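What follows is one structure encoded as structure tokens, with my remarks underneath.
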Ligand code: NAP
Ligand code: ZN
């Protein structure tokens with residue numbers, strides 16, 4: 001029999017995939033590997049819809065490998081463990097984020113920064129060591145090396161799956177860049193999936209938070225529900241002018257090309273602008289305002305496995321969960337269209353466990 005996605009591995013799997021750059025998803029039969037010695041197999045219950053899914057479905061980053069089964073905010077329940085698995089047992093609640101593998105020996109891997117390994121295996125749109133494509137969490141079953149699986153705390157709802165990407169992507173730079181000190185003033189640009197998590201973590205760390213947004217309609221909720229201290233409309237130059245020189249740091253989560261200069265102007269001297277959004281084209285970086293005030297522009301990508309577990313435990317302890325709109329699997333294409341229009345408060349989560357039906 002010729003190799004096909006359905007029979008390249010022994011375990012039958014089912015999910016939704018895009019076949020081309022239109023990015024429309026439809027049902028897809030494929031297969032997963034047998035649970036290896038160090039592998040955990042689990043039934044997927046919930047999977048968040050990240051803007052990175054949208055970028056990759058449409059090949060906006062230029063590296064998509066079709067068919068693409070997206071999904072990297074995955075929570076499920078363990079159904080089988082390999083003979084050498086130490087951390088998990090059948091029935092445990094678990095989470096998988098953007099990474100399912102790394103070299104485990106490089107400079108980055110050896111200090112728990114698997115996210116910066118130069119040979120990472122991404123949860124989807126990447127290759128397994130046997131050369132087969134990886135497929136993500138818009139599917140019924142996952143098999144993953146236990147190193148890349150986190151324990152899901154008992155008191156954390158399983159639909160809080162967006163912590164696994166939106167959560168860690170904002171928690172990690174707030175910590176690493178020292179923007180987690182009580183009394184600091186932090187800006188969050190873009191109030192979407194990542195942005196609203198940045199607000200929640202920054203508030204939990206005791207900082208003052210200003211949201212910088214293009215959507216005036218998000219103001220009231222940002223303040224009353226998410227706990228932001230103030231709200232700036234980025235296209236209102238008067239408001240932006242009044243806030244010049246007020247921020248110690250900014251987490252920029254914007255998914256599209258946007259002006260950087262107004263953000264640099266908001267920073268105090270020695271302020272840090274951390275880019276976590278991943279627009280498909282380069283943004284323009286004006287250098288002069290960086291020099292005048294010794295400002296820093298940096299980037300940050302998800303987080304390592306140790307920090308991801310730490311973040312999930314911190315979220316459970318402090319009751320920090322994403323605001324989610326739970327939708328059935330067959331709503332996914334509409335959800336993606338709405339995500340493109342920033343029409344979600346603040347993260348879609350697919351109810352895979354109840355709605356991913358083959359028929
Ligand atoms: P999202 O929910 O769509 O949020 C992005 C927000 O950016 C929107 O809600 C909107 O907020 C703002 N925005 C959108 N278009 C804009 C424009 N043209 N100009 C200014 N603001 C605009 O997306 P997400 O899932 O949070 O992801 C955000 C970005 O982070 C994506 O590019 C994604 O690929 C990237 N990402 C990076 C990492 C990493 O490791 N670094 C991890 C995950 C995701 P307002 O309505 O408030 O303006
Ligand atoms: Zn993501």
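Need one number: convex hull volume per residue for the chain, Cα atoms only, in Å³.
Details: hull volume 48.1 nm³, N = 359.
Spelled out: Cα convex hull of the chain, divided by residues, is 134 Å³.
Rg and Dmax over the alpha-carbon atoms of the range 37-79 stand at 13.0, 36 Å. Compute the helix-to-body angle for 193-204: its Cα long axis versus the longest principal axis of the chain, expressed 0 to 90° and rounded to tens. Taking the Cα atoms of the chain, the angle to 193-204 is about 60 degrees.
Counting DSSP beta bridges with both partners in the chain, what percentage is antiparallel, nearest 5? Given both bridge residues lie in the chain, the antiparallel proportion sits at roughly 55 percent.
Using C-alpha pairs below 8 Å separated by at least 6 residues, the relative contact order for the chain is 18 percent. Between the beta carbons of residue 21 and residue 216, assuming R0 = 35 Å, the FRET efficiency works out to 0.60 to the nearest 0.05.
Taken along the Cα-to-beta-carbon direction at a fixed 7 Å, the label points for residue 319 and residue 157 span 1.3 nm.
What shape does the range 156-225 take by its C-alpha gyration tensor, where a ≥ b ≥ c are the square roots of the eigenvalues and a/c under 1.5 counts as rounded, a/b above b/c as prolate, and the rest as oblate?
Numbers: a/c = 1.66, a/b = 1.03, b/c = 1.61.
Here the range 156-225 falls in the oblate category.
Separation of the range 272-303 and the range 193-249, taken as the distance between their Cα centroids, equals 18 angstrom. Each peptide in 13-19, 62-68 gets a packing score, the mean of other Cβ atoms within 10 Å over its residues, and the list from highest to lowest is 13-19, 62-68. Across the range 166-299, Cα-Cα pairs farther apart than 25 Å form 14% of the total.
With respect to the chain, whose longest principal axis is taken over its alpha-carbon atoms, helix 166-176 is tilted by about 50°.
Please state the relative contact order of the range 166-299 as a whole percent: Cα pairs under 8 Å, 6+ residues apart? Could you put the intermediate results ahead of the total?
Numbers: 276 pairs, mean separation 28.5, N = 134.
Contact order relative to length: 21 percent.
Descending by average beta-carbon neighbour count within 10 Å, the peptides 143-150, 310-317, 45-52, 174-181 line up as 45-52, 143-150, 310-317, 174-181, the highest first. Quick one: compute the contact order of the range 199-238, relative version, from alpha carbon pairs under 8 angstrom and 6+ residues apart, as a percent. The value is 45 percent.
Here the alpha carbons of the range 235-349 define both size measures, Rg and Dmax, at 17.5, 52 Å. Helical content of the chain, expressed as a calculated mean residue ellipticity at 222 nm, amounts to -6000 deg cm²/dmol (DSSP H runs of 4 or more residues, -39,500 (n - 2.57) each, divided by residue number, nearest 500).
Read the figures in this text as sums done on the coordinates, not as results from a lab. Just so it is clear, the structure is predicted and the values come from calculations on it, not from any experiment. Note that we place each Cβ from the backbone using ideal geometry, even for glycine, and neighbour counts take in every protein chain shown.
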